[in-house]
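Enquirer: Below are the structure tokens for one structure; questions will follow.
The values are calculated or read from the model by the stated rules, or taken from the named source; none is laboratory data. Keep in mind that this is a model prediction, so the values were computed, not measured. Cβ: placed from backbone, ideal geometry, glycine included. Neighbour counts: every protein chain shown. These accessible areas exclude ligands, DNA and RNA; they are computed on the full protein's heavy atoms, side chains included. Shrake-Rupley method; radii C 1.70, N 1.55, O 1.52, S 1.80 Å.
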Amino acid sequence: MAILTMKFGGGSLGTAKALVQVLAIIIDESKRWDHMLIVASALEGVTDMLLEAALYARVGDQRGYRRIAATLRTRHMALVDQLPFDTSDRNALKADIDQLLSDMLDQCQKVAKNLNDELLPSMSDAVVAVGERLSARIIAALLRQNDIRGVTVDGAELIVTDDAHGNANPILQRTAENVKDLLVPMLEREILPVVTGYIGATEAGETTTLGRGGTDFTASVLSALLEADALWIWTDVDGMMSADPREITNARVIPALDYNEAAELAYFGARILHAKMIAPLAKRAIPLRIKNIHRPHKTGTAISLSASGGRPVIKAVTSIQGLALTRPTSGSMAGITRLVGNTLFKTLGMRTEVMIASQSSSSSFLVLVIPTSIGIDGVDRLQQALRAKMAEYPDKMPWTIETISLVTAIGNNISSSPGLLATALAKLDDIPILGLAVGPSNCSVTVAVAQADSRAALQRIHELTVKSG
Ligand code: ASP
Ligand code: MG
């Protein structure tokens, strides 16, 4: 029995034209596979707006979140009006949308009235989750209109997570039970489940979210537990690129990557994939593909066990913001790592990710990497929180904090190839390297450079990337 999971990202769901394309893809693939599973993101930009609504709710700004709910309503209703529905189906779908947005307003109200700070993260997750609930309903209705038995399945009923709200981690064993009880019987009855990505729930039933871009993670966990034969991520670009095309104009699509390379690429800044989604697939060798809904015939990027036969190469270069902490004296780093650890967990719901730590006789230096799943403002939020915390202990914590850029070269066996490493470092030439780290997976080398040097470092390393494979 061949099973295919297809995940549709926000960028592939923004407009009626894109949705019609998505429908055509699903119809086409349903002829080729015994079973399929769809995992849907919110429409493009919707999660950003919901996070904003949750912030308004936190400060009790009722007009702020009501305005966002109204904008979301207009946008989803307009989309439904542009799609080919029968009148009765259209009306039913619109009633569903109204119900979901009214639930969202109730949640905002709860946040606004809440006096217990501890509950805020779970309440905000409940606000944000409505984005995927809206889009999944639209897709499922579109499928039913076309004689495919599409049924919406709520991620909160499937994915059991820990309580790291905003960046939660699925608990596979518990999730497996739900998959068996809920999803497998649907597949057996020839139903096409349309699962809301990004959302989970704790054992106690509180809504959680899996970090920005978390729909990928949902798709990966479900594919792993269903032992799917493949997972395809549909987006609006041709695949993973050798660099961010907004920074490097001649960036190319990478035809093939292995799991480690893809995970490093995602972790160090390629926003197209959620970094934590790779591990569950890699463990079961489930092939992953990234494809463009506008050019479905293109092969995109294929991610599998082995991609380039062990030859050391640089396939891609990324940049991501990081925080550098410097102290004009050497000595134990225990105090600062504890403080950073606590602040990271409190502010961003993640464990310590110290990336480079170095010490000389006269100073100490520490670099933190903030994964993109934290959201674009993660670096700022952490920086502010750390500054505030350190101000409480000025004599014990004489650290200065600044934002730096982490430029990472990614490719197989890169860090065990002295020749390739030397070439890459020589290429940086006069750009001062503030820190250097090689990844344990043997496929990444990261240099910390000043923000002003980031673009030049990217360009120079990109010149070393291979043109194929
Ligand atoms: N809608 C969520 C986000 O924007 C999850 C996703 O798109 O994967 O982060
Ligand atoms: Mg994404």
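Enquirer: Could you work out how far the C-alpha centroid of the stretch 1-70 sits from that of the stretch 213-246, in angstrom?
Expert: First find each Cα centre; the distance between them is then 14 Å.
Enquirer: Residue by residue, what Karplus-based ³J(HN,Hα) values in Hz, rounded to whole numbers, does the stretch 311-318 have, using 6.51, -1.76 and 1.60 with θ = phi - 60° and x for Gly and Pro?
Expert: 5, x, 8, 10, 9, 7, 9, 10
Enquirer: Round to the nearest 0.05 the FRET efficiency obtained for S330 and E247 when R0 = 41 Å and r is the Cβ-Cβ distance.
Expert: 0.70
Enquirer: How high is the relative contact order of the stretch 369-455, in percent, with contacts defined as C-alpha pairs under 8 Å that are six or more residues apart?
Expert: 30 percent
Enquirer: If you don't mind, there's one more thing I want to ask. Leaving out ligands, DNA and RNA, and with a 1.4 Å probe, what % of the accessible surface on the stretch 320-440 is carbon or sulfur? Let's see the in-between values first.
Expert: Numbers: 3100 of 5700 Å².
That share works out to 54 percent.
Enquirer: Further question: Could you work out how far apart the two model spin labels at K110 and D86 are, taking each label as a point 7 Å from the Cα in the direction of the beta carbon, and quote it in nm?
Expert: 3.6 nm
Enquirer: Additional query: Quick one: net charge around A457, please, counting Lys, Arg +1 and Asp, Glu -1 for every other residue with C-beta under 12 Å from its C-beta.
Expert: Within the 12 Å Cβ shell, the charges total -2.
Enquirer: What residues have an amide H closer than 5 Å to that of I404, excluding those fewer than 5 places away on the same chain, when H is modeled at 1.01 Å from N in the peptide plane?
Expert: Residues meeting the criterion, in which the H sits 1.01 Å from N, are G322, L323, A324.
Enquirer: Give the accessible surface of the stretch 315-372 per residue, rounded to a whole number of Å², with probe radius 1.4 Å and ligands, DNA and RNA excluded.
Expert: Counting only protein heavy atoms, the per-residue value for the stretch 315-372 is 40 Å².
Enquirer: What is the packing order of peptides 359-372, 396-409, taking the mean over residues of other C-beta atoms within 10 Å and listing the highest first?
Expert: 396-409, 359-372
Enquirer: Skipping prolines and chain starts, which residues have an amide H placed within reach, meaning under 5 Å, of the one on R212, given they are 5 or more residues away or on another chain?
Expert: Hits under the 5 Å cutoff: I374, G375.
Enquirer: Can you compute the modelled spin-label distance between L425 and T71, with each label point 7 Å from Cα toward Cβ, in nm?
Expert: Output for this residue pair reads 4.8 nm.
Enquirer: Just the accessible area per residue of the stretch 23-121, please: how many Å² with a 1.4 Å probe?
Expert: The answer is 53 Å² per residue.
Enquirer: Let me ask another. Enumerate the amide H contacts of T152 below 5 Å, restricted to partners 5 or more residues apart or on another chain; note that Pro and chain-start residues carry no placed amide H.
Expert: Under 5 Å from the amide H of T152: V194.
Enquirer: Whole-Hz ³J(HN,Hα) for each residue in the stretch 147-157, computed from phi via Karplus 6.51 cos²θ - 1.76 cosθ + 1.60 with θ = phi - 60°, x for glycine and proline: what do you get?
Expert: Going residue by residue, I get 6, 10, 7, x, 10, 6, 10, 7, x, 5, 8 Hz, with x marking Gly and Pro.
Enquirer: Report, in whole Å, the centroid distance computed from the Cα atoms of the stretch 323-352 and the stretch 123-161.
Expert: Cα centroid to Cα centroid, the span is 39 Å.
Enquirer: Along the charge dipole of the stretch 301-412, Cβ charges K/R +1 and D/E -1, which of V354, T329, N412 sits furthest on the positive end?
Expert: The residue sitting farthest along the positive end of the dipole is N412.
Enquirer: Pop out the carbon and sulfur fraction of the accessible area of the stretch 183-261 as a percent, whole number, probe 1.4 Å.
Expert: 48 percent
Enquirer: For a protection proxy built on the mean count of beta-carbon atoms within 10 angstrom, sort 196-203, 296-303 highest first, please.
Expert: 196-203, 296-303
Enquirer: Output ³J(HN,Hα) for the stretch 198-207: one whole-Hz value per residue in order, computed from phi by the Karplus curve 6.51 cos²θ - 1.76 cosθ + 1.60 with θ = phi - 60°, and x for Gly and Pro.
Expert: 6, 9, x, 8, 6, 4, 7, x, 7, 5
Enquirer: To continue, here is another question. In nm, what is the difference between 0.36 nm times the number of residues separating D380 and T403 and their Cα-Cα distance?
Expert: Between D380 and T403, full extension yields 7.4 nm more.
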